[in-house]
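Before any comments, here is the structure.
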Amino acid sequence: MREKHTVQAIGLTKVYGSGLTTVRAVDNVTLEVREGELVLIMGPSGSGKTTLLSMLGGLLRPTSGQVFINGVEITTLSESRLPDIRAREVGFIFQAFNLLSSLSAQENVLFPASLVPGGTRAAQERASELLERLGLSQRRRYLPRNLSGGEKQRVAVARALINNPRLILADEPTGNLDSKTGHEVMMILHDIARDEGRTVLIVAHDPRLEDMADRILWLEDGKLRDRKEEAHLWVQDPVCGMKVDQWTATLFATYQGARQFFCSQRCLERFQEHPETYLTKRGDTGANPK
Amino acid sequence: MVRLGMKNLFQERGRLLISIGGVAAALVLVLLLEGVFVGVSQDLVTYPERAGADVWVMQEGVSNMHMASSVLPSSLRGGVEAVPGVRDATPILYVSSPVEAGERRWFSYIVGVRPDAAAGGPWAMARGTAIPGPGEAVIPDVLARQGGVDLGNTVTVLGRQFRVVGLSMDTFSMVNSITFLAYDELEQLLEAPGAASYFLVRAEAEAAPDALATRIQQAVPGVHVMTREAFVASDLDMSRQMGVDLIQIMTWIGSVVGALVVGLTMYTATVRRAREYGIAKALGAKNRHLLAVVALQALVVVLLGLGTAVAVAYLARALIPALAPEIALDYPVGSLLRVSVVAVGIAALAALLPAYRIARVEPGVVFKE
């Protein structure tokens with residue numbers, strides 16, 4: 001059964017600290033993602049999304065549980081074998097782009113190929129094709145500092161694809177991009193899954209990405225579950241009264257056992273200064289469901 | 001990975017130049033010290049090399065000139081000259097003593113030469129007479145310049161004043177000089193009538209020095225006979241033995257300084273690029289890939305430093321005769337090779353510190369903003 005899934009996690013758990021300071025960042029997560037599927041993992045800040053992605057990509061060892069990539073269990077591999085898996089089987093895309101500053105766009109794209117024996121020579125043509133396809137052929141010799149945010153992320157996408165991995169893991173790929181550029185990058189990822197049959201797993205806050213995903217998973221307090229059918233769960237910002245989508249809100253605070261959600265950092269700070277003022281004024285004692 | 005290493009290295013040119021400069025400074029220190037030492041050693045044997053003798057005859061048990069003393073009866077001259085193949089044998093008297101000129105003193109070989117000396121006198125003159133008479137001295141031109149004396153002025157040797165009648169060339173270095181006095185006068189000063197220190201033997205054209213030395217050794221009892229080459233080599237060996245420890249200490253100091261400069265510079269660069277090394281690891285680079293990058297960077301820095309050091313050292317050798325004629329510099333192939341080996345050692349040492357840091361970089365840094 002495992003062979004049908006590009007990535008599979010079974011009972012994946014990551015615990016930080018011990019005793020009173022124990023934090024279960026990821027708690028017994030089981031997950032299967034099929035070939036060609038684009039899956040979006042959403043959840044509030046600190047819910048364990050990045051920790052989960054790190055373990056799925058072999059960047060972090062779980063406390064317990066198993067991860068299979070293309071049928072190979074990576075959780076039991078030695079430290080010396082994991083880099084090979086990351087180089088050959090997984091393509092990474094990060095919010096901060098993470099291009100190597102001294103290398104040109106084309107050299108960045110070729111970098112993962114240089115980690116595979118005989119890879120660079122074979123990858124030259126493919127790098128040119130990818131850069132062409134992503135509209136970067138005129139920028140191939142540019143250093144990252146001379147590229148726009150969108151261009152950097154497209155270089156990162158090309159880099160993720162250079163070794164033909166079947167699994168693409170993306171952490172907030174649109175997080176540092178404006179909405180138009182972010183949409184372009186998402187369309188590229190969508191095409192990668194649809195046209196090339198690659199599995200794309202995206203961790204994101206951005207609700208605009210939901211329409212492109214085949215499946216949306218919700219991670220909260222380290223636990224994974226299928227997204228509820230309602231597209232949004234609206235609650236009220238206690239400071240300004242604005243409607244906020246609880247599913248995607250990243251700004252929140254817990255007061256007297258109830259979680260409050262905010263539209264902006266400013267509202268959050270004002271609430272934290274005098275929380276009782278806003279709850280009393282609105283006749284609200286913390287009605288938002290946690 | 002090679003490309004990444006080189007691009008990272010050359011992207012930060014300021015740091016690169018500091019590293020190269022640090023290594024070059026440390027290696028120049030080692031090279032110059034050894035160069036001066038070798039040059040000085042070479043200067044010490046200038047007299048036996050250039051005095052004109054093919055074969056040296058000295059007291060039994062003596063095998064060099066520097067810091068040595070040899071006493072022979074001058075009457076042996078006839079016996080030496082009677083050996084087939086000997087063209088002539090010139091006795092010299094020799095003692096080490098300071099020479100005073102003005103307010104300054106210099107260590108000097110005091111050589112007594114006869115008026116008819118076929119060998120043993122100055123080999124190149126700047127001005128004046130080559131062979132001194134009674135009450136006269138021939139001193140090095142550099143010594144005269146430094147002491148503020150000229151022809152006709154006096155210098156003090158062995159407590160007696162001598163009038164300068166000649167200024168010789170190539171007879172002065174920072175550790176030694178050669179002063180020539182009249183043989184008979186030095187004989188009196190040393191209270192050694194009928195004595196000679198060495199016989200300087202010139203060979204007939206067809207006589208091989210090796211064979212001639214053997215024949216003299218067999219024919220004249222109570223002497224030690226050496227060819228010029230053997231005598232010079234013996235003196236060089238003696239002077240080098242005296243400086244080997246110092247050279248070794250300085251080589252170690254230079255190596256440690258060089259390794260620290262490169263190591264710390266590279267460590268700083270590694271820390272600054274820790275995130276990028278983390279990215280490389282996340283993308284599939286192994287520790288050994290990144291360690292190779294650091295080792296390569298260290299090697300390139302050290303080799304560029306070595307090249308700079310050698311260039312500076314040779315530039316110094318070209319300029320120093322004009323700026324400080326008393327200093328002699330020489331870099332034998334052996335010392336260049338040794339410094340090269342030291343440089344590679346510096347690179348290996350310098351790579352250790354950043355290697356330790358790289359091994360601890362977590363690929364998870366890719367998720368941090």
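The values are calculated or read from the model by the stated rules, or taken from the named source; none is laboratory data. Source: prediction; values computed, not measured. Counting neighbours? That spans all protein chains shown, and the Cβs are built from the backbone with ideal geometry, glycine included.
Scanning the range B:314-369 for residues that are closer than 30 Å to A:Gly175 by Cβ and crowded, with 21+ Cβ neighbours inside 10 Å, which turns out nearest to the chain's Cα centre (by Cα)?
Looking only at the range B:314-369, we keep the residues that are closer than 30 Å to A:Gly175 by Cβ, and these are B:357-358, B:360-369.
Add one more test, that the residue is crowded, with 21+ Cβ neighbours inside 10 Å, and what stays is B:358, B:361, B:363, B:366-367.
Numbers: B:Ile358: 43, B:Val361: 48, B:Pro363: 53, B:Val366: 56, B:Phe367: 59 Å.
Step by step, filter the range B:314-369, then rank; the result is B:Ile358.
Name the one entry in B:Asp88, B:Asp43 that is acidic (Asp, Glu) and surrounded by fewer than 22 Cβ atoms within 10 Å (Cβ to Cβ). Give the derivation first.
Numbers: B:Asp43 fails: surrounded by fewer than 22 Cβ atoms within 10 Å (Cβ to Cβ).
Just one listed residue meets the conditions, B:Asp88.
For the range B:112-160, which positions are touching a Gly at 6+ places or on another chain (Cβ under 6 Å) and assigned to a loop (DSSP other than H, G, I, E, B)?
B:Ala119, B:Thr129, B:Ala130, B:Ile131, B:Gly148, B:Leu151
Going through the range B:131-154 one residue at a time, which ones are touching a residue at least 40 places away in the same chain (Cβ under 8 Å), within 26 Å of B:Ile327 (Cβ to Cβ) and hydrophobic (A, V, I, L, M, F, W, C)?
B:Ala137, B:Val138, B:Ile139, B:Val142, B:Leu143, B:Ala144, B:Val149
Only helices (runs of 4 or more DSSP H) wholly contained in the range B:196-313 count here; list those with 2 or more residues that are under 28 Å from the mean Cα position of the chain (by Cα), under 30 Å from B:Gly334 (Cα atoms) and modelled with pLDDT under 85.
On the way: elements: B:209-219, B:228-272, B:274-282.
By residue number, B:228-272.
Only one of B:Ala282, B:Ala295 is closer than 24 Å to B:Leu4 by Cβ and within 14 Å of chain A (Cβ to nearest Cβ); which? Please lay out each step first, then the result.
Numbers: B:Ala295 fails: within 14 Å of chain A (Cβ to nearest Cβ).
Checking each option against the conditions leaves just B:Ala282.
Is there a residue being surrounded by fewer than 23 Cβ atoms within 10 Å (Cβ to Cβ), in a loop (DSSP other than H, G, I, E, B) and at positive phi anywhere in the range B:168-177?
yes
Modelled with pLDDT under 85 and either aliphatic (A, V, I, L, M) or part of a helix (DSSP H, G or I) (or both): does that describe B:Val23?
Details: modelled with pLDDT under 85: yes; either aliphatic (A, V, I, L, M) or part of a helix (DSSP H, G or I) (or both): yes.
Spelling it out, B:Val23 is indeed modelled with pLDDT under 85 and either aliphatic (A, V, I, L, M) or part of a helix (DSSP H, G or I) (or both).
If B:Ala328 satisfies every condition in (1) in contact with a Phe, Trp or Tyr (Cβ under 8 Å, 6 or more places away or on another chain); (2) aliphatic (A, V, I, L, M); (3) not in a helix (DSSP H, G or I) but one, which is the exception?
Only one criterion is unmet by B:Ala328, namely (1).
Given the condition within 14 Å of chain A (Cβ to nearest Cβ) and either assigned to a helix (DSSP H, G or I) or among the small types (Gly, Ala, Ser) (or both), answer yes or no: does some residue in the range B:331-348 qualify?
First, the residues of the range B:331-348 that are within 14 Å of chain A (Cβ to nearest Cβ): none.
No: zero hits.
For the range B:1-8, check the following and say yes or no: at least one residue is of a type outside the set (Gly, Ala, Ser), away from chain A (no Cβ under 14 Å), in contact (Cβ under 8 Å) with a residue 24 or more places away in the chain and surrounded by fewer than 22 Cβ atoms within 10 Å (Cβ to Cβ).
Looking for residues that are of a type outside the set (Gly, Ala, Ser), away from chain A (no Cβ under 14 Å), in contact (Cβ under 8 Å) with a residue 24 or more places away in the chain and surrounded by fewer than 22 Cβ atoms within 10 Å (Cβ to Cβ), one finds none in the range B:1-8, hence no.
Does the range A:221-237 contain any residue that is buried (at least 17 other Cβ atoms within 10 Å of the Cβ), at positive phi and at pLDDT 75 or above?
Looking only at the range A:221-237, we keep the residues that are buried (at least 17 other Cβ atoms within 10 Å of the Cβ), and these are A:222, A:224, A:227, A:235-237.
With at positive phi added as a condition, the list becomes A:222.
Still in the running and at pLDDT 75 or above: A:222.
Checking the range A:221-237: at least one residue is buried (at least 17 other Cβ atoms within 10 Å of the Cβ), at positive phi and at pLDDT 75 or above.
I'd like to verify a number: residues in the range B:82-111 that are in a loop (DSSP other than H, G, I, E, B) and of a type outside the set (Val, Ile, Thr), how many? If you could, list the steps in order and put the result at the bottom.
Residues of the range B:82-111 in a loop (DSSP other than H, G, I, E, B): B:82-85, B:102-103.
Of the ones still in play, those that are also of a type outside the set (Val, Ile, Thr) are B:82, B:84-85, B:102-103.
Number of matching residues: 5.
If A:Thr6 satisfies all but one of (1) within 14 Å of another protein chain (Cβ to nearest Cβ); (2) on the phi < 0 side of the Ramachandran plot; (3) touching a strand residue (DSSP E or B) at 6+ places or on another chain (Cβ under 8 Å), what's the number of the condition it fails?
Failed condition: (1).
Among residues belonging to the range A:71-91 that are in contact with a helix residue (DSSP H, G or I) (Cβ under 6 Å, 6 or more places away or on another chain) and surrounded by 19 or more Cβ atoms within 10 Å (Cβ to Cβ), point out the one that is farthest from the other protein chains (Cβ to nearest Cβ). Write out each step before concluding.
Narrowing the range A:71-91 to residues in contact with a helix residue (DSSP H, G or I) (Cβ under 6 Å, 6 or more places away or on another chain): A:71, A:74, A:87, A:91.
Imposing the further condition that a residue be surrounded by 19 or more Cβ atoms within 10 Å (Cβ to Cβ) reduces the set to A:74, A:87, A:91.
Numbers: A:Ile74: 13, A:Ala87: 3, A:Gly91: 9 Å.
Filtering first and then ranking leaves A:Ile74.
Among the numbered criteria (1) of a type in the set (S, T, N, Q); (2) at pLDDT below 95; (3) surrounded by 22 or more Cβ atoms within 10 Å (Cβ to Cβ), which single criterion is violated by B:Gln188?
Among (1) of a type in the set (S, T, N, Q); (2) at pLDDT below 95; (3) surrounded by 22 or more Cβ atoms within 10 Å (Cβ to Cβ), B:Gln188 violates only (3).
Quick grid of which residues meet (1) surrounded by 18 or more Cβ atoms within 10 Å (Cβ to Cβ); (2) within 27 Å of B:Val142 (Cα to Cα); (3) touching a helix residue (DSSP H, G or I) at 6+ places or on another chain (Cβ under 6 Å); (4) touching a residue at least 24 places away in the same chain (Cβ under 8 Å):
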| residue | (1), (2), (3), (4) |
| --- | --- |
| B:Ser69 | no, yes, no, yes |
| B:Pro73 | no, no, no, yes |
| B:Ala82 | no, no, no, yes |
| B:Val95 | yes, yes, no, yes |
| B:Val99 | yes, yes, no, yes |
| B:Gly102 | no, yes, yes, yes |
| B:Arg105 | no, yes, no, no |
| B:Ser108 | yes, yes, no, yes |
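Can you find a residue in the range A:183-197 that is part of a strand (DSSP E or B), farther than 14 Å from A:Leu110 by Cα and in contact (Cβ under 8 Å) with a residue 24 or more places away in the chain? Outline the logic, then answer.
The initial filter retains those residues of the range A:183-197 that are part of a strand (DSSP E or B), namely none.
Checked the range A:183-197: no residue is part of a strand (DSSP E or B), farther than 14 Å from A:Leu110 by Cα and in contact (Cβ under 8 Å) with a residue 24 or more places away in the chain.
Taking the range A:136-151 as the search range and keeping residues that are touching a residue at least 40 places away in the same chain (Cβ under 8 Å) and away from every other protein chain (no Cβ under 13 Å), which one is surrounded by the fewest Cβ atoms within 10 Å (Cβ to Cβ)? Steps first, please.
Filtering the range A:136-151 down to residues touching a residue at least 40 places away in the same chain (Cβ under 8 Å) leaves A:143-145, A:147, A:149, A:151.
Applying the additional criterion that residues be away from every other protein chain (no Cβ under 13 Å) yields A:147, A:149, A:151.
Values: A:Leu147: 20, A:Gly149: 15, A:Glu151: 20.
Within the range A:136-151, the match that is surrounded by the fewest Cβ atoms within 10 Å (Cβ to Cβ) is A:Gly149.
If you scan the range A:103-135, which residues turn out to be assigned to a loop (DSSP other than H, G, I, E, B), more than 8 Å from every other protein chain (Cβ to nearest Cβ) and surrounded by fewer than 21 Cβ atoms within 10 Å (Cβ to Cβ)? Before the answer, list the steps.
We begin by selecting, within the range A:103-135, every residue assigned to a loop (DSSP other than H, G, I, E, B); these are A:103-104, A:115-118, A:134-135.
Next, only the ones that are more than 8 Å from every other protein chain (Cβ to nearest Cβ) stay: A:104, A:117-118, A:134-135.
A:Pro117, A:Gly118, A:Gly135, listed by residue number.
Going by the structure shown, is B:Val28 in the same structural domain as B:Tyr331 (by TED's automatic domain parsing), in a helix (DSSP H, G or I), surrounded by 18 or more Cβ atoms within 10 Å (Cβ to Cβ) and out of contact with any Pro (no Cβ under 8 Å at 6 or more places or on another chain)?
Answer is yes for this residue.
Going by what's in this entry, would B:Gly307 be described as within 22 Å of B:Gly263 (Cα to Cα), more than 14 Å from chain A (Cβ to nearest Cβ) and of a type outside the set (A, V, I, L, M)?
Working: within 22 Å of B:Gly263 (Cα to Cα): yes; more than 14 Å from chain A (Cβ to nearest Cβ): yes; of a type outside the set (A, V, I, L, M): yes.
Taking the combined requirement at face value, the residue satisfies it.
Suppose we keep only residues that are surrounded by fewer than 22 Cβ atoms within 10 Å (Cβ to Cβ) and either touching an Asp or Glu at 6+ places or on another chain (Cβ under 8 Å) or outside the structural domain of A:Gly71 (by TED's automatic domain parsing) (or both) within the range A:4-23. Which one would you say is modelled with the lowest pLDDT? Full working, then the answer.
Initial filter on the range A:4-23 (surrounded by fewer than 22 Cβ atoms within 10 Å (Cβ to Cβ)): A:4-5, A:10-11, A:13, A:15-23.
Next, from what is left, pick out any that are either touching an Asp or Glu at 6+ places or on another chain (Cβ under 8 Å) or outside the structural domain of A:Gly71 (by TED's automatic domain parsing) (or both): A:4-5, A:13.
Values: A:Lys4: 66, A:His5: 83, A:Thr13: 95.
It comes out as A:Lys4.
Among the residues of the range B:229-274, which ones are surrounded by fewer than 17 Cβ atoms within 10 Å (Cβ to Cβ) and among the basic types (Lys, Arg)?
B:Arg240, B:Arg272
Is one or more of the residues making up the range B:339-351 assigned by TED's automatic domain parsing to the domain that holds B:Met266 and under 30 Å from A:Phe97 (Cα atoms)?
To start, the set of residues in the range B:339-351 that are assigned by TED's automatic domain parsing to the domain that holds B:Met266 comprises B:339-351.
Then keep just the ones that are under 30 Å from A:Phe97 (Cα atoms); that gives B:351.
Yes, that holds for at least one residue.
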